[in-house]
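K.L.:
Got a structure for you, questions after.
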Amino acid sequence: MNANLYSLFRSRFPQDLDDCWLETEDAQYYSWRDLERGTAKIANLLTSLNLPAGSRIAAQVEKSPEALMLYLATVRAGFVYLPLNTAYQSSEMRYFIEDASPAVVVCSPKNFGWVTQIAFKAGTQHVFTLDEAHAGRNSGSLLSRAVHHADTFETVQREGDDLAAILYTSGTTGRSKGAMLTHHNLASNIRVLHEAWEWRTGDVLLHALPLFHIHGLFVAAHGALMNGSKMIFLNKFDSSTVIRHLPRSTVFMGVPTYYVRLLSDPAFTRDVCQHMRLFVSGSAPLLAETFSAFMQTTGHTLLERYGMSETAMLTSNPYAGKRKLGTVGPALPGVSVRVTRSDGHVCAVDEIGDIQVRGPNVFKGYWQMPEKTAEEFTADGYFKTGDVGQLDSEGYLSIVGRSKDLIISGGYNVYPKEIESVIDELPGVLESAVIGVPHADFGEAVTAVVVLRPGAELNEAGIIHALKNQIANFKVPKRVHVISELPRNTMGKVQKNNLRDQFGK
Ligand code: AMP
């Protein structure tokens, strides 16, 4: 048995390789045979470079079918894929390239100049370009080089414990770390999700997420590959394009922001969702309001799940059973989730504490950080997720926040999510983020940053007054700042770092 993840996907291809594997927005069709041959050519090209075993292939490329093939070809050839957010600028790219020392870097043609400089300085031997528009097949282009290689390739033998990918964490709290994921981590997780979400014959995935993140790559794209299902592949999320393709799809995955945007589009109706079977939400907290509005508009219940770069998916609301608002569901089969006190004791039902997890999906460690890795695991092998939450009596997990976001004010623990939920309920409030800022007396002072609904006439004093009636005084924000929009990263996560910088004085 070859534990190479590509072998698993290959075993799931439909019998007729001429079936459509991927359809692009501009109606180009790729068959499963195209996938098999395309990845063979790229794998042959990579192999011809005589790279050392375990070499990293870093890619900062726009989303395209070929970018997905590059990932699969890297895995197929036994190398380690390292996807990088397209938003990263040169100082960030320098950090990742110096840290991971990839043997190959693939970038957009427009960035070739500066990426090459950084890469060569860091000792990378090969830089290629990959263009989302299939244009510019110049000599540096990966595709123009790959095209001359054979279209068959014997998938390289890998052990389950060998690395398949390194995902740099989004670094919303501190320096980004490279999470090392093995073939077994990814294979075991997608097998579990395939079953849990009841993937079936005839499913069509509408893919609108980026490919440099776990959600778009290891949950969405892997899901369709594991089911031998066609993907309708959008280069980016855009509500009207999604709405246009929904009637021919059955499965859609998104971050909460996507659902908020869909709901604000009048063309998003029950009718366009007629053939849909499953809408998955994750990567950031889903607001109760979005969950309810979605149900009202479409008749569908969003399925919220929870995971992270280090662990792939951990919990999921059930496909068939009760999907509980405000929770991310129970642990997936094979995954253990527990909530602990700071002394390591397991919390009682509904008690808030640190979320720790164990399972075949949990990563091998942080790239070249053995000490940091050791710190993040308990003596009995649980990974400390850094998230804070509680388990209810039915084993459903709720996430209260990141432990780094926990505010300690005058010796009291304040969980931002609790305050945010109360603020969000106030008439006139659209959404909020609560942070701790340094305070001479209290250590930290609770501070709220609030976005109002259009036309609302709420101000700082009004919000503070309203909260005083509802929550303990130590939880009431000392200051409330009203702004027009919360800063979010591409995955919809609110960047509390930025808010702390802006309002922390
Ligand atoms: P990433 O590694 O970029 O996927 O980020 C993982 C983090 O996103 C987790 O540790 C959580 O803090 C957060 N996250 C993921 N899914 C959810 C969810 N459904 N609800 C709330 N937070 C989530």
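The values are calculated or read from the model by the stated rules, or taken from the named source; none is laboratory data. Bear in mind the structure is a predicted one, so any value in this text is a computation, not a measurement. Heads up, the Cβs are rebuilt from the backbone with ideal geometry, glycines too, and the neighbour counts pull from every protein chain shown.
K.L.:
From Ala348, Ala331, which residue is closer than 20 Å to Ser403 by Cβ, without any contact (Cβ under 8 Å) to a residue 24 or more places away in the chain and out of contact with any Phe, Trp or Tyr (no Cβ under 9 Å at 6 or more places or on another chain)? Outline the logic, then answer.
P.N.:
Details: Ala331 fails: without any contact (Cβ under 8 Å) to a residue 24 or more places away in the chain.
None of the other options fit; the residue is Ala348.
K.L.:
Would you confirm whether or not segment 447-468 contains a residue that is in contact with a helix residue (DSSP H, G or I) (Cβ under 6 Å, 6 or more places away or on another chain), buried (at least 19 other Cβ atoms within 10 Å of the Cβ) and in a helix (DSSP H, G or I)?
P.N.:
Looking through segment 447-468, none of the residues is in contact with a helix residue (DSSP H, G or I) (Cβ under 6 Å, 6 or more places away or on another chain), buried (at least 19 other Cβ atoms within 10 Å of the Cβ) and in a helix (DSSP H, G or I).
K.L.:
Can we say Leu209 is crowded, with 22+ Cβ neighbours inside 10 Å and under 16 Å from Tyr258 (Cβ atoms)? Write out each step before concluding.
P.N.:
On the way: crowded, with 22+ Cβ neighbours inside 10 Å: yes; under 16 Å from Tyr258 (Cβ atoms): yes.
Yes; evaluated as a whole, the condition is true for this residue.
K.L.:
Hey, another quick one. Looking at Leu262, Leu193 in this structure, which one is within 15 Å of the ligand (Cβ to nearest atom) and either of a type in the set (Phe, Trp, Tyr) or out of contact with any Lys or Arg (no Cβ under 8 Å at 6 or more places or on another chain) (or both)?
P.N.:
Working: Leu262 fails: within 15 Å of the ligand (Cβ to nearest atom).
Being within 15 Å of the ligand (Cβ to nearest atom) and either of a type in the set (Phe, Trp, Tyr) or out of contact with any Lys or Arg (no Cβ under 8 Å at 6 or more places or on another chain) (or both) holds for just one of Leu262, Leu193, which is Leu193.
K.L.:
Has segment 299-308 got any residue that is modelled with pLDDT under 95, in the same structural domain as Val204 (by TED's automatic domain parsing) and closer than 15 Å to Val388 by Cβ?
P.N.:
Of segment 299-308, the ones modelled with pLDDT under 95 are none.
No, because not a single residue in segment 299-308 is modelled with pLDDT under 95, in the same structural domain as Val204 (by TED's automatic domain parsing) and closer than 15 Å to Val388 by Cβ.
K.L.:
Among the residues in segment 169-189, are any assigned to a loop (DSSP other than H, G, I, E, B), assigned by TED's automatic domain parsing to the domain that holds Gly329 and surrounded by 19 or more Cβ atoms within 10 Å (Cβ to Cβ)? Even if it seems obvious, please write down each step before you answer.
P.N.:
Of all residues in segment 169-189, those assigned to a loop (DSSP other than H, G, I, E, B) come to 169-177.
Right, trim to assigned by TED's automatic domain parsing to the domain that holds Gly329 and you get none.
Looking through segment 169-189, none of the residues is assigned to a loop (DSSP other than H, G, I, E, B), assigned by TED's automatic domain parsing to the domain that holds Gly329 and surrounded by 19 or more Cβ atoms within 10 Å (Cβ to Cβ).
K.L.:
For residues in segment 291-307 being within 12 Å of the ligand (Cβ to nearest atom) and surrounded by fewer than 22 Cβ atoms within 10 Å (Cβ to Cβ), which is farthest from Arg488 (Cα to Cα)? Lay out the reasoning, then the answer.
P.N.:
Just the residues of segment 291-307 that are within 12 Å of the ligand (Cβ to nearest atom), to begin with: 291, 302-307.
Then keep just the ones that are surrounded by fewer than 22 Cβ atoms within 10 Å (Cβ to Cβ); that gives 291, 303.
Working: Phe291: 19, Leu303: 22 Å.
Applying the filter and picking the extreme gives Leu303.
K.L.:
Counting just the residues of segment 327-346 that are more than 23 Å from Ala379 (Cβ to Cβ) and more than 10 Å from the ligand (Cβ to nearest atom), which one comes out surrounded by the fewest Cβ atoms within 10 Å (Cβ to Cβ)?
P.N.:
From segment 327-346, those more than 23 Å from Ala379 (Cβ to Cβ) are 327-330, 332-333; that's our starting set.
Next, from what is left, pick out any that are more than 10 Å from the ligand (Cβ to nearest atom): 330, 332-333.
Details: Pro330: 20, Leu332: 22, Pro333: 11.
For segment 327-346, the residue satisfying everything is Pro333.
K.L.:
Out of all the residues in segment 463-505, which are under 32 Å from the mean Cα position of the chain (by Cα) and of a type in the set (Gly, Ala, Ser)?
P.N.:
Residues satisfying the conditions are Ser484, Gly492, Gly504.
Matching residues to (1) under 29 Å from Glu289 (Cβ atoms); (2) out of contact with any helix residue (DSSP H, G or I) (no Cβ under 7 Å at 6 or more places or on another chain):
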position: Gly223; (1), (2): yes, no
position: Met226; (1), (2): no, no
position: Ser229; (1), (2): no, yes
position: Leu234; (1), (2): yes, no
position: Ser239; (1), (2): yes, no
position: Leu246; (1), (2): yes, no
position: Val260; (1), (2): yes, no
position: Leu263; (1), (2): yes, no
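K.L.:
When His215 is evaluated against the numbered criteria (1) more than 16 Å from the ligand (Cβ to nearest atom); (2) outside the structural domain of Val127 (by TED's automatic domain parsing), which criterion, by number, is the only one it fails?
P.N.:
For His215, the exception is condition (1).
K.L.:
Oh, and also: Here is a list: Arg37, Arg33, Arg94. Which entry is in contact (Cβ under 8 Å) with a residue 12 or more places away in the chain, of a type outside the set (Asp, Glu), within 28 Å of Val242 (Cα to Cα) and not in a loop (DSSP other than H, G, I, E, B)? Outline the logic, then answer.
P.N.:
Values: Arg37 fails: within 28 Å of Val242 (Cα to Cα); Arg94 fails: within 28 Å of Val242 (Cα to Cα).
So the residue among Arg37, Arg33, Arg94 that is in contact (Cβ under 8 Å) with a residue 12 or more places away in the chain, of a type outside the set (Asp, Glu), within 28 Å of Val242 (Cα to Cα) and not in a loop (DSSP other than H, G, I, E, B) is Arg33.
K.L.:
From Leu263, Leu325, Leu246, grab the single residue that is among the hydrophobic types (A, V, I, L, M, F, W, C), touching a Cys at 6+ places or on another chain (Cβ under 7 Å) and over 17 Å from Met491 (Cβ atoms).
P.N.:
Values: Leu263 fails: touching a Cys at 6+ places or on another chain (Cβ under 7 Å); Leu325 fails: touching a Cys at 6+ places or on another chain (Cβ under 7 Å).
Being among the hydrophobic types (A, V, I, L, M, F, W, C), touching a Cys at 6+ places or on another chain (Cβ under 7 Å) and over 17 Å from Met491 (Cβ atoms) holds for just one of Leu263, Leu325, Leu246, which is Leu246.
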